[in-house]
Amino acid sequence: MCNRKRKGLLLISLALMFVMAFAMTAFGAEEEAEYVPAVYSTFWALVPPIVAIGLALLTKEVYSSLFVGILMGGILYSGLNFEMTIVHIFEDGIIGVLSDSYNVGILVFLVILGAMVSLMNKAGGSAAFGQFAAGKIHSRVGAQLATVLLGVLIFIDDYFNCLTVGSVMRPVTDKFNVSRAKLAYLIDATAAPVCIIAPISSWAAAVTGFVEGEDGFSIFIRAIPYNFYALLTIVMMVGMVVMRVEFGSMKTHEKNAVKGDLYTTPGRPYDYAKDEHVAVRGKVMDLLIPIVSLIICCVIGMLYTGGFFSGTDFVTAFSESDASLGLTLGSFFGLIITIGLYQIRRVLSFSDCMACIPEGFKAMVPAILILTFAWTLKAMTDSLGADVYVASLVASSAKGFLNFLPAIIFVVGCLLAFATGTSWGTFGILIPIVVAVFENSNPQLMIISISACMAGAVCGDHCSPISDTTIMASAGAQCEHVNHVMTQLPYAATAALISFVTYIVAGFVQTAWISLAVGIILMIGALMVIRLLGNTVTES
């Protein structure tokens, strides 16, 4: 009955939109030189992603929900013109995003990393590392803390973080019966939240680029102690692991995992990618050498795209790097080193290595498909002027609530990133507004508000089903995407609520350490209350 209702919702949504489109079709109408949709820069610009997210959470169907959102965006853009709707969806949307060199680079990186994971599994490196870790790690708590530590150490880029941490730690967390949903949360919570407080990362580069007329890197450093969502998420994550606190639907997933069911739901989208025959000669080095090579090569690749080898200093090279191209180049050379290692060690034949490449591609198909739809939905939202609408909304209300503005900016950043699925786009919209409002009046409040922009963007990105980082975390953990979103939402919402209160405090005291101390005390207190209510999961 529940499945019928979900399918009915999708069918009704599609039918209504097609009826509206056909009813007002205007074939052959001449287009204006610069077409502007009637709903441009209005609240309607945010409706397509809101519908897509709502349907995804209600129906548990990501692909169809995203497509409905894309279709609604096309209809709103065209003003119910059928021909323009279809052309806009495919030419400006799907084909447009797949023609973008940055997006293509990310997809290539995904495919290569999928191939490397398949190679490491086939060579027995993952199994050997799992056995090795079992001798060093003795509990579920230890396995989760090791995952957190690795996630914190890989701070260069969130995409790289998600997939690498998932590849390395998945055998370990599986051995200690940590659910795939919990693994996905640990990966996601150490991806964007860590990258946004790391001075040497692709995220730092993005933020510094949006602060025009100021020393962007210096501002980023000064904003780190005020990035409450990122810092409190790390505190919350470690506290929950140590205190064994779980709540919401994650509690069900973890209790089932202790009994041996790592998935809880029937959806196992990556199960078919598992290798049946694993090399018996595999050793820990067959996983560690490829991973270390991948990290080094990706760092070199990003430095190369930033001009480091042409005389640019290290920090500037990172700030001006092309993460997409750098990760693609780095992962390619990492793949070559991995294949060469396995040939020298004779753990896999060359034909077996080549067979792993399409297997890795297949393993990444769900992530690639969701990413493509998410990018297309963002293109629809951009064409409707969502950024212009939010920018005007924030600018018009900024001057009336100066001390509350950091908290307001945080909430706006959350909502915008949640609806659009992009942190960097949110930075680009909100940070210039904050700089314009505060640069000549209150520099300290400008730092706090810029940090609130970053924190809100990461929070919204963390919660959104259409966020590329959230999608990558699901892929890295090999967890069904909707499961990851549904189990992570209560945790992200808790950190967001405490961060909101902390930003109110910061707006008045304007001192990082007092505000942060208040936030940490509130977070630990919240975890203790949740634990006292019986929300714990213990090993059997």
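The values are calculated or read from the model by the stated rules, or taken from the named source; none is laboratory data. Here the structure is a predicted model, which is why all the values come from computation and not from measurement. Note that we place each Cβ from the backbone using ideal geometry, even for glycine, and neighbour counts take in every protein chain shown. Remember, those area values only see protein heavy atoms, side chains included, never the ligands or the DNA or RNA. Shrake-Rupley method; radii C 1.70, N 1.55, O 1.52, S 1.80 Å.
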Grab the helices (runs of 4 or more DSSP H) fully contained in the stretch 85-136, keeping just those with 2 or more residues being of a type in the set (Ser, Thr, Tyr) and open to solvent by 50 Å² or more (accessible area, probe 1.4 Å). 101-123
If you go through the stretch 342-397 one residue at a time, how many are open to solvent by less than 20 Å² (accessible area, probe 1.4 Å), out of contact with any Phe, Trp or Tyr (no Cβ under 8 Å at 6 or more places or on another chain) and part of a helix (DSSP H, G or I)? 14
List every residue pair whose Cβ atoms lie under 9 Å apart, where the two residues are 6 or more positions apart in sequence or sit on different chains, the first residue falls within the stretch 513-540 and is at pLDDT 90 or above and part of a helix (DSSP H, G or I), and the second residue, located anywhere, is among the hydrophobic types (A, V, I, L, M, F, W, C) and loosely packed, with under 11 Cβ neighbours inside 10 Å. none
Can you pull out every residue in the stretch 63-121 that is free of Cβ contacts under 8 Å to residues at least 40 places away in the same chain and among the aromatic types (Phe, Trp, Tyr)? Phe90
Does Ala475 qualify as being surrounded by fewer than 24 Cβ atoms within 10 Å (Cβ to Cβ) and either in contact with a Phe, Trp or Tyr (Cβ under 6 Å, 6 or more places away or on another chain) or touching a residue at least 60 places away in the same chain (Cβ under 8 Å) (or both)? no
Test set (1) closer than 11 Å to Phe373 by Cβ; (2) surrounded by 21 or more Cβ atoms within 10 Å (Cβ to Cβ) - Tyr63 fails condition number: (2)
When you check Phe333 against the structure, is it at pLDDT 90 or above and in a helix (DSSP H, G or I), yes or no? yes
Residues Leu80, Leu71: which one is on the phi > 0 side of the Ramachandran plot and of a type outside the set (Asp, Glu)? Leu80
It is to be established whether one or more residues within the stretch 442-464 are open to solvent by 10 Å² or more (accessible area, probe 1.4 Å), more than 30 Å from Pro171 (Cβ to Cβ) and of a type in the set (Ser, Thr, Tyr). no
Take the residues in the stretch 250-266 that are farther than 14 Å from Thr494 by Cα and part of a helix (DSSP H, G or I), then tell me which one is most open to solvent (accessible area, probe 1.4 Å). Lys255
Starting from the stretch 419-447, keep only residues that are closer than 15 Å to Phe508 by Cα, then list their pairs with residues that are outside any helix (DSSP H, G or I) and modelled with pLDDT of 75 or more whose Cβ atoms are within a distance under 6 Å, requiring at least 6 positions of separation or different chains. Gln444/Gln510
